[in-house]
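Colleague: Following this message is one structure expressed as structure tokens.
The values are calculated or read from the model by the stated rules, or taken from the named source; none is laboratory data. These figures come from a predicted structure and were not determined experimentally. In this analysis, Cβ positions are derived from the backbone assuming ideal geometry, glycine residues included, and neighbour counts consider all displayed protein chains.
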Amino acid sequence: MRYTIQFIFLFVLAGGCIERFELPVLSLNPILVVDGAITSDPGPYKVTLYRPHVTNRIIKIPEYVTQATVQIFDDQGNSEMLTETLSGGEYYTSANGMRGTIGRKYHIKIVTADGKEYATQPQLMTAPGRIENLRYELWLNALNRDDVFKPQHAVKFLIDSKGGAEQSNFLRWRWTTTYEIRDAPHEKTRVINRSGLTVPDPPPCSGMRPGSNGLESFGPCTCCTCWVVNNSYGVLLSNNRFYTSREFNDLLMATVPLEPRTFDLRFHIRVDQLSLTEETYQYWKLAHAQEIGNGSLFVPNAIRMQGNVFSLTNPDEHVLGVFSVEGITSASMFINSRELPYEALMEERKESCLTFPRSTNVKPPFW
């Protein structure tokens, strides 16, 4: 039997975003925000600590909390001290350190530089179930019908999946896309006078430079081929505790406009299915109910909402954010440009591919 499942879309803070809004007249003390998780995937695991920075009643970029001590514990007597990055405020386990295991409980303890202590209660890592089918559909003329200069077609990614065996089964989904781009930085030129005369101006990363007989090679090009990585900007959250089959069918994960560069060469998507504790699920459900689905945790209602992190030093202190304990299962797929019945025109730029937003010249290990 197929059931009707109600899904909740939550849009969470993407690091570095600035959310501007007018605060009501209230006294706002600096609030610690904790954003971290341990999963059943191999580490390293990350915990970020910061406080909202308020100027003239407007919340801007958060201030990172540095020089804190952050530890993760399990219920077997094991623990690991996280290492802070040089930029500060972000703390990581080692690559060969603690590994999340289904069936064990985990909690975190934080001690800030001024001696304040924070913690979570032990949380059980539950089985995430499995993704049984990841597929795509081409939607023609589904976008921007009133503007022919924008992408008109889209590729939609859907899954069928099952939850875990636990009675209290809470799941969330996220995705990451990666696609390859190629540029021709060695063809870059610049204008040298008013007549419009141009001369070669390749960036050093192209491995080319002007010589007496034109361009000459002096090394490999490190900015001709790049990979662009995008992460889901929201969270699809559901619980199936009242559905004995635990089945989720035709669940839409992502809609990607079919446009030049994105599908010119090769496109990859990975979908993660993660199990949540009921406490973490209820936090995000409350966040949705308080209408913070506008992309930021730092809205007035959220400031008065406490997550699963609490202060050991001062029980009355409010702490924002969560430390999640999540079992994870994944599915992924590639799409080659020739697989699509619509040919996107190659848009080769005469620039470094590293100037393209969210690009890297580090080839993904799965490519």
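Colleague: Hey, does the stretch 56-69 have a residue that's more than 28 Å from Gln282 (Cβ to Cβ), under 21 Å from the mean Cα position of the chain (by Cα) and at pLDDT below 60?
Modeller: yes
Colleague: Test of understanding: among Ala95, Ala113, Ala127, which residue is surrounded by 14 or more Cβ atoms within 10 Å (Cβ to Cβ), touching a residue at least 40 places away in the same chain (Cβ under 8 Å), of a type in the set (A, V, I, L, M) and assigned to a loop (DSSP other than H, G, I, E, B)?
Modeller: Ala127
Colleague: Working only within the stretch 168-192, note down all residues that are surrounded by 20 or more Cβ atoms within 10 Å (Cβ to Cβ) and among the aliphatic types (A, V, I, L, M).
Modeller: Leu171, Ile181
Colleague: Can I ask one more? Just to be sure I understand, how many residues within the stretch 172-207 are over 19 Å from Thr222 (Cβ atoms), under 24 Å from the mean Cα position of the chain (by Cα) and of a type in the set (S, T, N, Q)?
Modeller: Selection size over the stretch 172-207: 2.
Colleague: Pick from the stretch 252-267 the residues that are under 15 Å from Leu143 (Cα atoms) and not in a loop (DSSP other than H, G, I, E, B): which of them is nearest to the chain's Cα centre (by Cα)?
Modeller: Ala254
Colleague: For the stretch 215-274, which residues satisfy the criterion of being surrounded by 18 or more Cβ atoms within 10 Å (Cβ to Cβ), farther than 17 Å from Thr176 by Cβ and at pLDDT 90 or above?
Modeller: Answer for the stretch 215-274, where residues must be surrounded by 18 or more Cβ atoms within 10 Å (Cβ to Cβ), farther than 17 Å from Thr176 by Cβ and at pLDDT 90 or above: Cys221, Cys223, Cys224.
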